[in-house]
Amino acid sequence: ADSLHAAAARTGLAYGTAVPVERMEDRAYLAAVARECGILVPNTQTKMLSILTAPGVEDFSETDKVLRLARANGQRLRGHTLVWHDGIPAWAQPLLARAGAYQAESFLRRWIGAVAGHCRGRIEAWDVVNEVLAQGEIRRADGLRETPWLAALGPDYIDLAFRILHEVDPKAAGTWNEDAVEQGVPWMEARRTLVLRRIEGMRARGVPIHRFGLQSHLASPIPIDERQLRRFLRELGQMGLGIEITELDFDDRAFPADIPTRDRMVADYARRYLDVVLDEPAVLNVLTWDFYDPATWLNGHPDRRRPDGLPQRALPFDGAWRRKPLWHAMRKAF
Ligand code: XIL
C-alpha cells in the first residue's frame, strides 16, 4: 500500500505520528493511523501530568489505550517523556520545589519505575529527558534550563534519569530529545555544541544514552545550514548514537495566506531538511507531531498563532484527509 510508513520502510526507516488523547475514538483518524504509521508516540498519555493525577495515584487508563492501539496495528512505540520541565502535575510542583536531593531522587525513581515499568517491553525508545537546554540567552556554562529537577539534583539529574531507565527497562533505548537544534542560526549552532559536549561527557561517565531526538519543529524564515547540520548528525552517529526525527511539523507563520503557495513553501522547506537529515545513516525513525492539520498543537500555542488568524498548515494531511504537498515531499525524501 502507498503510505508514508511503506515509503519509509523501503529504505529501512519507520514513519509515525504522535497520537492525541482526544482522537482515540475517532474512526477516520484511527484508520489513517493504521494505514500511514509504523511507529507511534503518545502525545500526552505517558507524560507525568496524565498519569500522576493526584498524590499516590498512578492512572494508566490513557496510556493503555495507546498500548492497545499499537498492539492492534502491529506498530512500534516511543515513550515521551520521563523528565521534562513542563507537564509536572500541579500537586507535585510545590513538593518538588521544597525537595532536597534525596526526596527528588526518590520521586524520580518511583515515577520512572512506575511508567517505564508499566510499559516495559513495549517501548523501543524513551525520551528520558526532553528540552533540557535553556531557551534564549545562555546563562549557565553548561547551557541547561533552570528546572525543578536541576534545582533539586544539579546537572547530574540527566545522568541519573538515564541510569534509572536502564535499570527499569534495559531494552528501551535511552533518548535525549531536544528542540531548536536543527536550523542554521548561531544560537542553534551553540546548542548543537552543548549537546555534543554533554553527550561526550555522558559517554565517558558510562551513562546509558543510546539515541538523540531532533524534535524538528521547523519554522520559517529561519534557514537551514546544511554543512553545520550534517556535521552535527555525523558526530552523533560517530559516537554510536541512533538519531530520530521525533516531532516534525512546520510553523508557517511567516508564509503567505494563500493555501497552495503556503503548502508548497512548507513542503519545499521540509524536503530540504529531510534530504540532509536522511543522508545520515544513523537516522532510524521519522515522526511528525500529529499528521493531520486540525490536530496540530501550533494553533493552540499563543506564540505560534498566525497573525492573520488562519490555522497553521503544519502537517502532511489536511482536514479532509487529503494528502498535502508535504505528504508527497516526505514520501519522496524517504
Ligand atoms: C505538547 C502537546 O502537543 C500539547 O497537547 C500539550 O498541551 C503540551 O505539549 N514539544 C514536546 C511535546 O516535546 O511534548 C509538546 O507537546 C510539543 C512541543
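Points worth noting:
- Exactly one residue out of 278, 315, 236, 326 is free of Cβ contacts under 8 Å to residues at least 60 places away in the same chain and touching a helix residue (DSSP H, G or I) at 6+ places or on another chain (Cβ under 8 Å), and it is 236.
- The helices (runs of 4 or more DSSP H) found entirely in the stretch 173-286 that carry 1 or more residues being under 21 Å from residue 134 (Cα atoms) and aliphatic (A, V, I, L, M) are 186-204, 226-238.
- Residue in the stretch 83-101 that is closer than 26 Å to residue 283 by Cβ, among the aliphatic types (A, V, I, L, M) and either in contact with a helix residue (DSSP H, G or I) (Cβ under 7 Å, 6 or more places away or on another chain) or surrounded by fewer than 21 Cβ atoms within 10 Å (Cβ to Cβ) (or both) present: yes
- Every condition in (1) in a strand (DSSP E or B); (2) under 29 Å from residue 333 (Cα atoms); (3) of a type in the set (A, V, I, L, M) is met by residue 28 except one, and the failing one is (1).
- Candidates 7, 70, filtered to the one that is under 18 Å from residue 246 (Cβ atoms) and away from the ligand (no atom under 14 Å from the Cβ): 70
- Residue, farthest from residue 189 (Cα to Cα), within the stretch 236-252, restricted to residues that are buried (at least 17 other Cβ atoms within 10 Å of the Cβ) and away from the ligand (no atom under 16 Å from the Cβ): 252
- Considering residues of the stretch 292-329 that are surrounded by 22 or more Cβ atoms within 10 Å (Cβ to Cβ), among the aliphatic types (A, V, I, L, M) and within 20 Å of residue 20 (Cβ to Cβ) only, the residue farthest from the ligand (Cβ to nearest atom): 326
- Each residue in the stretch 279-291 was checked for being at negative phi and surrounded by 16 or more Cβ atoms within 10 Å (Cβ to Cβ), and 9 pass.
- Figure legend. Inter-residue proximity from the stretch 120-145: first residues within 16 Å of the ligand (Cβ to nearest atom), second residues of a type in the set (Phe, Trp, Tyr) and not in a loop (DSSP other than H, G, I, E, B), beta-carbon distance below 8 Å, spacing 6+ or different chains. Indicated pairs: 127/176; 128/162; 128/176; 129/162; 129/176; 132/176.
- Scanning the stretch 121-141 for residues that are closer than 20 Å to residue 217 by Cα and either part of a loop (DSSP other than H, G, I, E, B) or among the acidic types (Asp, Glu) (or both) yields 127, 131, 132, 134, 135, 136, 137.
- In the stretch 31-67, residue farthest from residue 123 (Cα to Cα) [restricted to those that are assigned to a loop (DSSP other than H, G, I, E, B) and among the aliphatic types (A, V, I, L, M)]: 54
Readers should treat all values here as calculations from the given coordinates under stated rules, not as data from a laboratory. Note that the structure is predicted; figures quoted are calculated from it, not measured. Here the Cβ is made from the backbone with ideal geometry for all residues, glycine too, and neighbour counts use every protein chain on show.
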